[in-house]
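All remarks here apply to the structure that follows.
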Amino acid sequence: MRIVARRTGLSSHVIRAWERRHNAIEPARTPTNRRLYSDNDIERLQKLHRATHSGHSISQIAHFSADELDTLIASDTPHPEQIQGIPPATSTQPSPPTSPQQDPAGYIKNALTAVRNLDAKTLEEQLFRAEIDMGRNKLLLQVIEPLMQQIGTLWSEGSLRIADEHMATSVIRSFLGTLQNSAPSAANSPLVVITTPAGQWHEIGALLASLTATAAGWRVIYLGPNLPAEEIAGVALQHQAQAVALSIIYYSEGDHQLGAELSKLRRALGRTAHILVGGRAAQQHSSDLKTVDAEFLPNLSALSTRLQSLNTPPSA
């Protein structure tokens, strides 16, 4: 199962759920009832994964034939004119109808209830169900990102205890780590190094950025949180990364550490790589970002769009 998960980019939990709930595949069985996945099974799971990454519900596409999946994937592939904001030609491929289960607000509400109850098991179950019902892209953009924003706001307002926030962060970090370990990576794709700079210990935003970059077709070197500029630059230069993405969560007025770290990073990189910066405190460092020619990206959707544009050859 680990090999299948690695080849498809899906977690073992999702593969079993797609098989049991939606009959997406029917693997053979050994005499001892162990699953045997053929190359065709793996190829089908890869196609289903790509389709759900584009926002299609597994419940609506699980019965699609291989040809139907190919058509659906082709219709979802972004064209250069889409990335640059030019409306594409009208597609004749209808999108599957939205399932009543695909309600981000419902998942967020249930997740927040679990957080307030310190119910780690239910919180994890809600995240797994959202991934299965909505696909990974919508899970990241429409559930986990706004959920973390709400948790941060409620905690700062005093509506959540420190213990609630810590439990939620622990569960979500573990969940995202599982997704990251199973994320596929194409050998010839452009490379982005993702981390948080020195003094920034909160890594949920960086993990979300890592998964978003993978979904946008990039290879990712994820370095975890709190890394000095010289270490980030060393990895980026060694592996010839086209971009470095940083998540910034904390802001302290009068603290010049981040500005100094960004300046060291830009000096070490020269102009060999783009510096992309996001996170809830990033905009408060706008002057520092401008000084080092770093790009502020307000959310995961903006990050995905920017990475897609960097990965698209300029038109002749």
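Values quoted throughout were computed directly from the atomic coordinates according to the rules given, and no laboratory measurement underlies them. All values derive from a computational prediction rather than experimental measurement. Methodologically, a virtual Cβ is constructed for each residue, glycine included, from the backbone with ideal geometry; neighbour enumeration extends over all protein chains shown.
Quick notes on this one:
- Put in order of Cβ neighbour count within 10 Å, fewest first, the listed residues LYS264, LYS290 become LYS290, LYS264.
- In plain terms, the residue of SER170, SER287, SER182 with the fewest other Cβ atoms within 10 Å comes first and the most crowded comes last, giving SER287, SER170, SER182.
- Summary value for the range 191-310: 29 percent relative contact order, contacts being C-alpha pairs under 8 angstrom separated by 6+ residues.
- Whether the range 2-78 is rounded, prolate or oblate, judged on the alpha carbon gyration tensor where a/c under 1.5 counts as rounded: prolate
- For the chain, adding -39500 (n - 2.57) for each run of n ≥ 4 DSSP H residues and dividing by the number of residues yields -16000 deg cm²/dmol at 222 nm.
- Relative exposure of TRP201, TRP218, TRP18, judged by other C-beta atoms within 10 Å (fewest first): TRP201, TRP18, TRP218
- The range 159-217: projected area of the alpha-carbon convex hull, averaged over directions, in nm²: 5.1 nm²
- Environment charge at HIS274 (Cβ cut-off 13 Å; Lys +1, Arg +1, Asp -1, Glu -1): +1
- Span-rule helices in the chain, defined as complete DSSP H runs reaching 20 Å or more along the axis (Cα) with Kyte mean at least -1.0: 120-134, 162-181
- When DSSP beta bridges are restricted to pairs lying wholly in the chain, around 10% turn out antiparallel.
- Cross-link partners of LYS109 among lysines (Cα-Cα below 26 Å; sequence separation of 8 or more within a chain): LYS121, LYS138
- Tail beyond 27 Å, pair distance distribution of the chain (Cα, percent): 47 percent
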